There are 2 protein chains.
Amino acid sequence: MKYFEDIRVGDTFPLGRHTFTADEIKSFARRFDPQHFHIDESAAGRSHFGGLIASGWHTAVVWMRLMVDYRRRMAESMRARGEPVAGVGPALGFRALKWLRPVYVGDTVDYRTEVIATRISDSRPRSGLLSYRSTGVNQNGEMVITFESTTFVERRGEPP
Amino acid sequence: MKYFEDIRVGDTFPLGRHTFTADEIKSFARRFDPQHFHIDESAAGRSHFGGLIASGWHTAVVWMRLMVDYRRRMAESMRARGEPVAGVGPALGFRALKWLRPVYVGDTVDYRTEVIATRISDSRPRSGLLSYRSTGVNQNGEMVITFESTTFVERRGEPP
C-alpha cells in the first residue's frame, strides 16, 4: 500500500472479478449460511429467487480476498521498483452494507474500491485513516453489493 | 420465526457460543482473508496482536450460522406445539459493524441479537421489517463485534 500522504480521495482500486460456481456457493453456505436457497438447487428453484444464489456474506468475503490479493500485488510491484511499502490495517468495521441483487450460479462480479475520505487518526497519530466505498457489479452492469469501510494506513513519518 | 405482530422491541435471541480453534481460524483465512496474523502463528506472534487472531469476517459469519440454527430450532419447537411459523428473510444488509477487540485462538464468543425497531415494509406491505442489534462477547465479558441489520418477516395477514 502507498503511504497515507500519497493517497487521494477518488483513488480507485480495481480488485478484479470473481465467478460464483454452484460448488463454492453450496460449500460456503453449508458451513456458514445453510438456508435452502443457498444449498439446494431444487428448493432454490421453488423459492422466490428462482434458483441457487450465493450467501450475501459469501459475496462480501470474496471482496476481502480480492482486496488482500490486490494489496499483495501492489506491494510486490512497489518493492520491485525499490519503493517503500506502507503498512495497512486493521480495519475497524464497515458501514451501510447493502445486498442490492441476488448473485446466481455463474454470475461474475467485478469488485472495485474507491477512497472517499482521508484523515489522520486521533487515537494513533502516526497512522492515517482511509474510508472506502466498495462495490460489486455483475456481468449485466447491475450492482449487487456496496459497503463502506475504514482502515488504518501508515504515514510517511515526521517531515525531515 | 414468530409473526411480525408477535415480536416486540427488546425481544432477545440468545444464539449460543462458539469457540474459535486455530485450525478453523486458519482454514477460513486461507480462503478468504490470508493476512499473516490470521494464517501463521509465528508471524502473528511477532505482529502487534501478539498471537493468531480470527478474521473479523469469520467472527461475523459465525453469527450468521448461529442465527440460521437458532431460527431452525425455534421453528421446530413452534411446529411441535402446532403453531404456524412465519417466513423470514432475506436480509437487506448491515450497518455499523464494528470489530472492537481481536478474537484469539481458544476464545469463546457468546452471540446475542436484540430487536431494536419494528415497522411495516413500504415496498412489501404484507411483510414487516425487523431491525436487530447483534453482539458477540468473549469469555472475559468484552464485546468483540457489534452490528445492526434489518430483515423481512412475514405478517399474520389481514385481520379477520
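Name, by its number, the condition in (1) closer than 22 Å to A:Arg95 by Cβ; (2) touching an Asp or Glu at 6+ places or on another chain (Cβ under 9 Å); (3) among the small types (Gly, Ala, Ser); (4) modelled with pLDDT under 95 that does not hold for B:Gly93.
Looking at each condition in turn, B:Gly93 falls short on (2).
Being assigned to a loop (DSSP other than H, G, I, E, B) and surrounded by 17 or more Cβ atoms within 10 Å (Cβ to Cβ) is the filter here, so list the residues in segment A:71-94 that pass it.
Scanning segment A:71-94 gives a single hit, A:Ala86.
Out of B:Trp99, B:Trp63, I need the residue that is touching a Phe, Trp or Tyr at 6+ places or on another chain (Cβ under 6 Å) and not hydroxyl-bearing (Ser, Thr, Tyr). Which one?
Testing whether each residue is touching a Phe, Trp or Tyr at 6+ places or on another chain (Cβ under 6 Å) and not hydroxyl-bearing (Ser, Thr, Tyr) leaves just B:Trp63.
Out of A:Val144, A:Val115, report the one residue that is in a strand (DSSP E or B), more than 14 Å from every other protein chain (Cβ to nearest Cβ) and not hydroxyl-bearing (Ser, Thr, Tyr).
The conditions single out A:Val115.
Restricting attention to segment A:150-160, does a residue exist that is under 18 Å from B:Phe32 (Cβ atoms), within 15 Å of the chain's Cα centre (by Cα) and part of a strand (DSSP E or B)?
Yes, that holds for at least one residue.
Are any residues in segment B:1-27 part of a helix (DSSP H, G or I) and surrounded by 13 or more Cβ atoms within 10 Å (Cβ to Cβ), and if so, which ones?
B:Phe4, B:Glu5, B:Ala22, B:Glu24, B:Ile25, B:Lys26, B:Ser27
With the structure loaded, tell me whether B:His18 is closer than 21 Å to A:Arg30 by Cβ and within 14 Å of chain A (Cβ to nearest Cβ) or whether it fails that test.
yes
Taking the condition of being in a helix (DSSP H, G or I), within 11 Å of another protein chain (Cβ to nearest Cβ) and free of Cβ contacts under 8 Å to residues at least 24 places away in the same chain, how many residues in segment B:31-49 meet it?
5
Looking only at segment A:50-70, how many residues end up being under 25 Å from B:Arg124 (Cβ atoms) and either assigned to a helix (DSSP H, G or I) or open to solvent by 30 Å² or more (accessible area, probe 1.4 Å) (or both)?
6
The values are calculated or read from the model by the stated rules, or taken from the named source; none is laboratory data. Keep in mind it's a predicted model, so treat the numbers as computed, not measured. Counting neighbours? That spans all protein chains shown, and the Cβs are built from the backbone with ideal geometry, glycine included. Side chains included, ligands, DNA and RNA excluded: accessible areas come from the protein's heavy atoms. Shrake-Rupley method; radii C 1.70, N 1.55, O 1.52, S 1.80 Å.
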